[in-house]
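Participant: Following this message is one structure expressed as structure tokens.
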Amino acid sequence: MITMTSKGLFCKAGNFYIDPMRAVDSAVITHAHSDHARRGSLQYYTAQRGVSLLKARLGKNISVRGYAYGEKFNLNNAQVSFHPAGHILGSSQVRIEIGKKVWVASGDYKRDPDPTCEPFEVVPCDVFITEATFGTPSYTWNKEVNLGKEIYDWWIQNADRGVNSVLFAYSLGKAQRILGVLEPYAQKDIYCHSAVTPLNECYREEGIKLARTQCLSQIDLSKQFSGELFLVPQSFLQTDQSKILGGQFETAFASGWMAKNNFESGYDRGFVMSDHADWNDLVRTVKETGARRVYVQHRGKGSLVRHLKSLGMEAFPAAELFSRNPDQLALF
Ligand SMILES: [Zn+2]
Ligand SMILES: [Zn+2]
């Protein structure tokens, strides 16, 4: 049903690619991150809630069709639907049904709560292609933390000393999630980098509540700032704009990678805030789908494949989907 090609995952019956790595005729997109959504394809298909983000990333003039979550549509001989992945606004798993067989390609996903996107939905399937960004047992984290309060407390403790807080985060998804969890706490505007602010607007237009923000490109940079929170990409400190921080600032990074090497990273503070599933949630999700066969994409040196096999599942690295294995694929 799905094979791996040099352009990415390909569904022959539907004649479409999922998150193709190059321009193709028909691109089914799980979400707007740049390693999934690339320019140049003739026709894009994505979840309705992700359409404005996709346009913000790829250009207003792309040809894109948006579908409600769960809405079924046909691409040639395949029936396709999008289901929430809980990763960023509009992110989807792609469900493909041909005959009585169902495959699901997860895209990126997480199970942790996030006020800025729809929660992950378990989609029963025969074959599950899962991401595995944190596909190693050393990446697990506590789910019971209140990240909004933690970040707010750090900001306010710094502000009480007249110190600025510089929080590094990916511009799409993580930055808006931070603004979402801070929304109940923040008493004043948060300064966002110009890479972040247009994406904030896409979220607000979809009715997602974010803390109040100001765009750094629209303020007087000769002004002195103290006790403010800056939400910026990691390159910020190397830019002229960072002069507004004066000497008084602390840094933090919000990422799942902070579950490890907090010290070596060189940040003053790390917030373990991931938009990907941790090890426990990867394993749990694979089990919950009820899939008879699992293909694992991305990192992890094979830990997840080995672990799933030890649980008696048929598990393979996604590279096995290269059609050099037609016999195996023919089973499905
Ligand atoms: Zn992503
Ligand atoms: Zn990704």
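Participant: Check which residues have an amide H placed less than 5 Å from residue 64's amide H, if you skip close sequence neighbours.
Facilitator: Residues meeting the amide H criterion: 44.
Participant: For each of 298, 87, 33, count neighbouring Cβ atoms within 10 Å of the residue's Cβ, then give the residues from fewest to most.
Facilitator: Going from least to most buried by this count: 298, 33, 87.
Participant: Hey, any idea what Rg/Rh is for the range 147-271, computing Rh the Kirkwood way over Cα pairs? Each step should come with its number before you reach the end.
Facilitator: On the way: Rg = 13.6 Å, Rh = 14.6 Å.
Answer for the range 147-271: 0.93.
Participant: Shifting gears a bit: Test of understanding: what is the full-extension gain from residue 292 to residue 239, defined as 0.36 nm times their sequence separation minus their Cα-Cα distance?
Facilitator: Result: 14.0 nm gained on full extension.
Participant: Any idea what angle helix 279-289 forms with the longest principal axis of the chain, computed on alpha-carbon atoms, 0 to 90 degrees, nearest 10?
Facilitator: Once rounded, the angle reads 40 degrees.
Participant: Please report how far the C-alpha centroid of the range 1-21 lies from that of the range 114-149, rounded to the nearest whole angstrom.
Facilitator: 24 Å
Participant: Sort 273, 258 so that the residue with the fewest other Cβ atoms within 10 Å of its own Cβ comes first and the one with the most comes last.
Facilitator: Fewest-to-most ranking of 273, 258: 258, 273.
Participant: Report the full-extension gain for the segment residue 161 to residue 248: residue separation times 0.36 nm, less the Cα-Cα distance, to one decimal in nm.
Facilitator: Residue separation times 0.36 nm, minus the Cα-Cα distance, leaves 30.4 nm.
Participant: Enumerate the aspartates and glutamates that residue 287 could reach by cross-link, defined here as Cα to Cα under 13 Å, with residues fewer than 8 away along the same chain left out.
Facilitator: Cross-link targets: 126, 314.
Participant: Order these by the 10 Å Cβ neighbour count, fewest first: 11, 192. If you can, show how the numbers build up before the last one.
Facilitator: Details: 11 24, 192 28.
Ranking 11, 192 by Cβ neighbours within 10 Å, fewest first, gives 11, 192.
Participant: Follow-up question, since we're still on this one. Summing +1 for each Lys or Arg and -1 for each Asp or Glu, what net charge is found among the other residues whose Cβ lies under 10 Å from the Cβ of residue 70?
Facilitator: In short, 0.
Participant: Kindly write out, for the range 234-242 in residue order, the coupling ³J(HN,Hα) from the Karplus curve 6.51 cos²θ - 1.76 cosθ + 1.60 (θ = phi - 60°), rounded to whole Hz, with x marking Gly and Pro.
Facilitator: 5, 6, 4, 5, 8, 9, 4, 3, 5
Participant: Which value, in debye to the nearest 20, describes the size of the charge dipole of the chain about its Cα centre when Lys and Arg Cβ atoms bear +1, Asp and Glu Cβ atoms bear -1, and nothing else is charged?
Facilitator: 860 debye
Participant: If the limit is 25 Å between Cα atoms, which of 60/101; 55/149; 55/101; 72/301; 55/209 go over it?
Facilitator: With Cα atoms farther than 25 Å apart: 60/101; 55/149; 55/101; 72/301.
Participant: What number, in percent, do you get for the relative contact order of the range 147-271 if the mean sequence gap of Cα pairs under 8 Å and at least 6 apart is divided by its residue count?
Facilitator: Details: 201 pairs, mean separation 43.3, N = 125.
Relative contact order, the range 147-271: 35 percent.
Participant: Once you put a point 7 Å from the Cα of residue 146 and another 7 Å from the Cα of residue 215, both along the Cβ direction, what distance in nm separates them?
Facilitator: With each label placed 7 Å out from Cα toward Cβ, I get 3.3 nm.
Participant: Considering amide H positions built from the backbone, and no H for Pro or chain starts, which residues 5 or more places from residue 69, or on another chain, come under 5 Å of its amide H?
Facilitator: Residues meeting the amide H criterion: 48.
Participant: Sort all Cα-Cα distances of the range 15-87 into consecutive 10 angstrom bins from zero, then give the percent of pairs in each bin up to the one containing the longest distance.
Facilitator: Spelled out per bin, shortest first, that is 21, 59, 20, 0.
Participant: Still on this structure: In whole Hz, what ³J(HN,Hα) sequence does the range 122-136 give by Karplus (6.51, -1.76, 1.60; θ = phi - 60°), x for Gly and Pro?
Facilitator: In residue order, the calculated couplings are 6, 10, x, 7, 7, 10, 10, 9, 10, 6, 7, 3, 10, x, 9 Hz.
Participant: Additional query: Hey, rough spin-label estimate for residue 320 and residue 39, points 7 angstrom out along Cα→Cβ, what's it come to in nanometres?
Facilitator: According to this spin-label approximation, the distance is 3.8 nm.
Participant: May I pose another question? R0 = 51 Å: FRET efficiency of residue 13 with residue 201, Cβ-based, nearest 0.05?
Facilitator: The calculated FRET efficiency here is 0.85.
Participant: Scan the chain and hand back the longest stretch that contains none of the GluC sites (Glu not before Pro) lying in DSSP loops with at most 16 other Cβ atoms within 10 Å.
Facilitator: 145-263
Participant: Quick one: work out Rg over Rh on the C-alpha atoms of the chain, Rh as Kirkwood radius.
Facilitator: Here the Rg-to-Rh quotient is 1.00.
FYI, it's all coordinate maths here, none of it is from the lab. What you see is a predicted model, and the numbers here were worked out from it, not measured in a lab. All Cβ positions, even for glycine, are placed from backbone atoms using ideal geometry, and neighbour counts span all protein chains on display.
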